Amino acid sequence: MNFSVVVNQFWPLLINGLAVGLIYVLISLGYTMVYGVLRLINFANSEIFMVGTFATVIVTRDIFKYTSAHEALHGFKLVATLLLILIASMLFSGVTAVLVELVAYRRLRSKGTNRLASLISAIGTSIMISEGVRILTKSAPVPTPRLLTKFNLISIGGVDIRIDTFLVIVSAALIFFMVDRFVTKTLLGKAIRAVSMSEETSKLMGVNLNRVISATFLIGGLVTGAAAFLYMQVYETTVFNVGFNLGLAAFTAAVLGGIGNIRGAFYGGLTLGLFEQYASAIIGGQWKAVTVFSVLVLVLLFKPNGLFGEAIQQSRV
Amino acid sequence: MVNLRDKGAALWEGWNRPKRVAFVIILIGLVGLLPYGGDFSFTSILNTPISSYQAVLVYPVGMYVLMALGLNIVVGKSGLLDLGYVAFFAIGGYTAGILGTKTHLNTWEILPIGMAAAMFAGVLLGLPTLRLRGDYLAIVTLGFGEIVRIVALNTQSIGASTGIPSIPTPPRTFGIKFDIMHNTSYFWVVMIMILLVIWMIRRFTVRRPGRAWEAIRQDEDVAILMGVPILRYKVWSFSIGAAVGGAAGVIFASKTQYVAPNMFTFNVSVLILSCVVFGGMGNMWGVILGGVLLAYLPERIRFISNARQLVFGIALVLIMNLRPDGLLPRKKREKLGAAKKAGE
């Protein structure tokens, strides 16, 4: 136990917590949106994230031919390159997500079978993807060339905010805002919300169910891909099972905020990210997962619909 | 597709008692002789290329079947999705490790203690969490499984990441030796435990707890309205499943003579759950088949060693898509009864 660290390191921990929390927010959207429409845990989302991190590496290293030794990029060229890489990893993850839906869920859904069958089929898909990548990479961690020279962007009250942390916080918040607007304002967003309220009724209202579900997976995948890109800008290394712990934490965040609830995922992710930083500062990093899950159990005991309620889904205790 | 389970059940219903007894004895006898299957030329196809065949029969095959039967009580019978079943396996294993190295108790004396410890953990976890809705239960149990592993990983007194080495093997019992050279004896122990669990499940199924579990699985609200104390029966189901996992853990620890946190990862929970769903949730024979196949096949196809998990993933997806209720689905009791009535 080391409480003084919280007082000394309050602001740096806050900034880190925000960055980690926002990455959780983006990944948890992949869980929460799919759960909203299908009522199923999207087990392969951690693999979709992993595909995104590898897409970032491949595009940076093999398509743009950057190596770690290249000269630093500046100005417009840097922004344009980063944007292209971001879009590429979003596309990779998005396509993977749509394929996962086709392979793991569609046939089982049309048969109307038990939910556990879909779960196992999703687990199978997840094993397939991660094992495929493991064999291709020979289980070795893969580094990505550094594009963003890491310098301290601003210093507020003695706290340095690095450029990559800043990038994560700003772009993740922006992406979340865009998804939220999309789901609340557009016709497709309306259809997604309709399906998550009642599949039957929305079918009667002329909603093309398969299209909406594919679109949900696509959006979830795109956002998860963006999260993967941001993650790679900070941590710069990936491995075939990189998604496991992050996926677990992101799912916890989704449940914390009330699964199926998009804004809930935002608050849940931030809460989890901040809590994780402070808790591991106090009692040591190795207990991080334990504290996270203990909080989850406590929250579910006293507020079984998550901290912020299940806005979309009917709740039952 | 043909429901093999129903066909088998119909055949069984048609037999009289002596026929049934004879069938069961022959079946048990054949299974008991399985460890010798690798010794003859015409059955040597059973042999696994890398690990010893007898060892494979104990772990993973026997252990997986045992644990899948235990998990089937929770997932298949009462419909509670438990993604952290490995926790109970770990608790059993660590109980055997701690008591075996620090006290003079032998494996048979530790076995009930390990089961009690796992059961206690099941009640402790179950009482607060079984009030939750299905998917939340899944994530909480998943978290519990990880917590148990992380606690083991970070506690110096139980060896942290190196685990507990040199756990004693069971003593010589009824003239049967237990050590690393005698995998067959372990296989028989596991087989007897599996038989006991099968017997227990069969008893439960036709009695009040079994009916309560069935009601909870089919419709919780209706079960509450009919006066089923659902929390009590859920906790029972959970802790009985846990006890089976704990028993498997004790035997596992005394067989490998060594436990470490990295043996009890989330993957094990997923594998056991896959055995249950793959074989046919809720149906004991399906679960046994699922356990045997999913434990044995990866060992048998070790020659493609690097890709065997990949093949496993593909197989899971394929089978679930082709037979969503598992290889041998749950018995359609209503249907059989109706057919019988129509025939009379």
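Taking every residue in A:248-255, how many Cβ atoms of other protein chains lie within 10 Å of its Cβ, on average? It would help to have the intermediate numbers written out before the result.
Numbers: counts 5, 0, 0, 5, 4, 0, 1, 6.
Mean partner shielding for this stretch: 3.
Taking chain B as a Gaussian network, Cα atoms linked when under 10 Å apart, which of B:Ala212, B:Ala248, B:Ala90 shows the biggest mean-square fluctuation?
Of B:Ala212, B:Ala248, B:Ala90, the most mobile in the Gaussian network model is B:Ala212.
Could you point to the residue in A:Gly268, B:Leu33, A:Leu188 farthest towards the positive end of the protein assembly as shown's charge dipole, with +1 and -1 charges on the Cβ of Lys/Arg and Asp/Glu respectively?
B:Leu33
Assuming 0.36 nm per residue, please report the length gained on full extension of the stretch B:Leu322 to B:Trp199 beyond their Cα-Cα distance.
41.2 nm
Between A:Ser214, A:Ser46, A:Ser110, which gets the highest mean-square fluctuation from a Gaussian network model of chain A, Cα cutoff 10 Å?
Judging by the Gaussian network model, the answer is A:Ser110.
Give, in whole angstrom and from largest to smallest, the semi-axes √(5λ) of the equivalent ellipsoid of chain A, with λ running over the eigenvalues of the Cα gyration tensor.
One finds semi-axes of 31, 25, 19 Å for chain A.
May I ask you to compute the full-extension gain from A:Leu83 to A:Ser4, defined as 0.36 nm times their residue separation minus their alpha-carbon distance, rounded to one decimal in nm?
Working it through step by step, the gained length comes to 24.4 nm.
With all protein chains present and a 1.4 Å probe, how do B:Glu109, A:Glu200, B:Glu146, A:Glu236 order by accessible area, largest first?
Listed by decreasing accessible area, they come as A:Glu200, B:Glu109, A:Glu236, B:Glu146.
R0 = 56 Å: FRET efficiency of B:Ile28 with A:Lys190, Cβ-based, nearest 0.05?
Numbers: r = 61 Å, r/R0 = 1.09.
For B:Ile28 and A:Lys190, the calculated efficiency is 0.35.
Report, to the nearest whole %, how much of the accessible area of segment B:204-278 belongs to carbon and sulfur atoms, 1.4 Å probe, protein only.
In segment B:204-278, the share of accessible area belonging to carbon and sulfur is 57 percent.
What ranking do B:202-208, A:259-265 get when scored by the average of other Cβ atoms within 10 Å per residue, highest first?
Going from most to least packed, we get A:259-265, B:202-208.
Chains A and B: what accessible area do they bury, summed, in square angstrom to the nearest 100, with a 1.4 Å probe?
For chain A against chain B, roughly 3800 Å² becomes buried.
Given 4 °C and 1.567 mPa s, compute D for segment B:85-219 with the Stokes-Einstein relation, Rh being the Kirkwood radius over Cα pairs; round to the nearest whole µm²/s. The partial results should precede the final answer.
Working: Rh = 17.4 Å.
It diffuses with D of about 74 µm²/s by this estimate.
Counting only complete DSSP H runs, which helices of chain A cover 24 Å or more along their long axis at the Cα atoms and score a mean Kyte-Doolittle of 1.0 or above?
A:10-38, A:75-100, A:115-137, A:163-185, A:209-235
Tell me which chymotrypsin sites (Phe, Trp or Tyr not before Pro) from segment A:1-77 have a DSSP coil assignment and no more than 13 other beta carbons within 10 Å of their own.
A:Phe3
Sequence gap of 8 or more, or different chains, plus Cα separation below 17 Å: how many lysine pairs satisfy both in segment A:25-242?
Lysine pairs meeting the criterion: 4.
Using Cα springs under 10 Å in a Gaussian network model of chain A, which residue among A:Ser155, A:Ser93, A:Ser28 shows the largest mean-square fluctuation?
So, out of A:Ser155, A:Ser93, A:Ser28, the one fluctuating most is A:Ser155.
I need the phi-derived Karplus couplings for segment B:256-270: 6.51 cos²θ - 1.76 cosθ + 1.60, θ = phi - 60°, integer Hz, Gly and Pro marked x.
7, 6, 6, 10, 9, x, 6, 7, 10, 8, 4, 4, 5, 4, 4
Which shape class applies to segment A:85-218: rounded if a/c is under 1.5, otherwise prolate when a/b exceeds b/c and oblate if not, where a ≥ b ≥ c are the square roots of the Cα gyration tensor eigenvalues?
Because a/c hits 1.5 or more and a/b fails to exceed b/c, segment A:85-218 counts as oblate.
Protein chains only, probe 1.4 Å: how do A:Val100, B:Val311 rank by accessible area, largest first?
B:Val311, A:Val100
Which of the trypsin sites (Lys or Arg not before Pro) found in segment A:1-69 are loop residues per DSSP with 11 or fewer other Cβ atoms within 10 Å of their Cβ?
Details: sites: A:Arg39, A:Arg61, A:Lys65; in loops: A:Arg39, A:Lys65.
Passing sites in segment A:1-69 are A:Lys65.
Based only on the alpha carbon positions, what is the Kirkwood hydrodynamic radius of the protein assembly as shown, in angstrom? Don't skip to the answer; put the middle values down first.
Numbers: mean 1/r = 0.0378 Å⁻¹.
26.4 Å is the Kirkwood radius here.
Using packing as a proxy for protection, rank A:185-193, A:224-232 so that the peptide with the highest average count of other Cβ atoms within 10 Å comes first.
Working: A:185-193: 15.4, A:224-232: 29.0.
The most tightly packed comes first, giving A:224-232, A:185-193.
Need one number: nm distance between label points at B:Ile192 and B:Ile224, each 7 Å from Cα along Cα→Cβ, rounded to one decimal.
Simple spin-label model gives 4.5 nm for this pair.
Averaged over peptide A:287-296, how many Cβ atoms belonging to another chain are found within 10 Å of each residue's Cβ?
Working: counts 4, 1, 5, 8, 1, 3, 9, 2, 1, 4.
What the average comes to for A:287-296 is 4.
Across peptide B:139-149, what mean number of C-beta atoms from other chains lies inside 10 Å of a residue's C-beta?
Per residue, the average neighbour count from other chains is 5.
Sorting A:Trp11, B:Trp285, B:Trp213 by accessible area (1.4 Å probe), largest first, what list results?
A:Trp11, B:Trp285, B:Trp213
By its C-alpha gyration tensor, with a ≥ b ≥ c as the square roots of the eigenvalues, how is segment A:138-181 shaped: rounded for a/c under 1.5, else prolate for a/b larger than b/c, else oblate? Write out the running numbers ahead of the final one.
Working: a/c = 2.90, a/b = 1.14, b/c = 2.54.
In terms of gyration-tensor shape, oblate.
Can you check what the Kirkwood hydrodynamic radius comes to for segment B:165-268, Cα pairs only, in Å to one decimal?
16.4
Would you mind computing the Rg to Rh ratio of chain B from its alpha-carbon coordinates, Kirkwood style for Rh?
0.97
Rounded to the nearest whole Å², what accessible area per residue is found for segment A:25-242 with the 1.4 Å probe?
So segment A:25-242 comes to 43 Å² accessible per residue, rounded to a whole number.
Determine the calculated [θ] at 222 nm for the protein assembly as shown from helices alone, applying -39500 (n - 2.57) to every DSSP H run no shorter than 4 residues and normalising by the residue count; nearest 500 deg cm²/dmol.
Counting only the DSSP helices, I get -22500 deg cm²/dmol.
Dipole of chain A, Cα-centred, from +1 at each Lys and Arg C-beta and -1 at each Asp and Glu C-beta, to the nearest 20 debye?
On the way: 24 positive and 13 negative charges, 148 e Å.
Once rounded to the nearest 20, the dipole reads 720 debye.
Using the Cα centre of segment A:168-279 as the reference point, and only Cβ charges (+1 on K/R, -1 on D/E), how large is the resulting charge dipole? Debye, rounded to the nearest 20.
Result for segment A:168-279 is approximately 440 debye, rounded to the nearest 20.
The values are calculated or read from the model by the stated rules, or taken from the named source; none is laboratory data. Predicted model only: the values in this text are computed from it and were never measured. We place every Cβ from the backbone using ideal geometry, glycine too, and count neighbours over all the protein chains shown. Just the protein is used for accessible areas: all its heavy atoms, side chains included, with ligands, DNA and RNA removed. Shrake-Rupley method; radii C 1.70, N 1.55, O 1.52, S 1.80 Å.
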